[in-house]
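What follows is a single structure, written as structure tokens, with notes after it.
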Amino acid sequence: MHAFYRETRRVAASVLAGAQLYFAVWNAANHHGVAAVLTTVAPLIAAALLLAAVFVRKRGPLDILAFLVSALAAAVCWGASTVTPDILTYLPAVTASIAFASIALVLRAEQTGPPAKTP
């Protein structure tokens, strides 16, 4: 799992950042008012975190945060969507984000080891 994550995390983060930028542009053009602000700002924040995770060499909490925020931003956009077949647009981004966040969390837990025993 270490090798898989090490080899694919930057590619997945780059693709998800592109998807988040698409969601931001799409929702800015199709929504009005508060919905437009929320569904534009959330993907932009997620894209910024994902791009930061791409350019940072060290794995760690930034990866977990970036992938979790990406999943939440895609879910917010999906919830504000008025088009029924949007499940095909947002579900892959939500699924991939949660999967990579889970892998990053498991690898982080393996790296830190079990908690110290208290007497």
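The values are calculated or read from the model by the stated rules, or taken from the named source; none is laboratory data. Please read all numbers here as calculations on a predicted model, not as lab measurements. Counting neighbours? That spans all protein chains shown, and the Cβs are built from the backbone with ideal geometry, glycine included. SASA here: full protein model, heavy atoms, side chains in, ligands and nucleic acids out. Shrake-Rupley method; radii C 1.70, N 1.55, O 1.52, S 1.80 Å.
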Whichever residue in region 40-61 is of a type outside the set (K, R) and at pLDDT below 90 and, among such residues, is nearest to V11 (Cα to Cα): V56
Candidate set: region 72-92, residues that are open to solvent by 50 Å² or more (accessible area, probe 1.4 Å) and assigned to a loop (DSSP other than H, G, I, E, B); chosen: the one nearest to V34 (Cα to Cα): T82
Test: P114 is out of contact with any strand residue (DSSP E or B) (no Cβ under 8 Å at 6 or more places or on another chain), farther than 30 Å from V25 by Cα and open to solvent by 50 Å² or more (accessible area, probe 1.4 Å): yes
Given (1) open to solvent by 10 Å² or more (accessible area, probe 1.4 Å); (2) in contact with a helix residue (DSSP H, G or I) (Cβ under 6 Å, 6 or more places away or on another chain); (3) not aromatic (F, W, Y), index of the condition T95 fails: (2)
Pick from region 1-58, criterion among the basic types (K, R) and part of a loop (DSSP other than H, G, I, E, B), ranking: least open to solvent (accessible area, probe 1.4 Å): K58
Selected residue (criterion: farthest from the chain's Cα centre (by Cα)) from residues of region 51-66 that are closer than 19 Å to G18 by Cβ and in contact (Cβ under 8 Å) with a residue 40 or more places away in the chain: V54
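For (1) in contact with a Leu (Cβ under 8 Å, 6 or more places away or on another chain); (2) closer than 25 Å to L107 by Cα, each residue gets a yes or a no:
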position: A24; (1), (2): yes, no
position: H32; (1), (2): no, no
position: V37; (1), (2): no, no
position: L49; (1), (2): yes, yes
Verdict on V69 being buried (at least 19 other Cβ atoms within 10 Å of the Cβ), in contact (Cβ under 8 Å) with a residue 12 or more places away in the chain and more than 15 Å from A13 (Cβ to Cβ): no
Test: R108 is of a type in the set (K, R) and buried (at least 16 other Cβ atoms within 10 Å of the Cβ): no
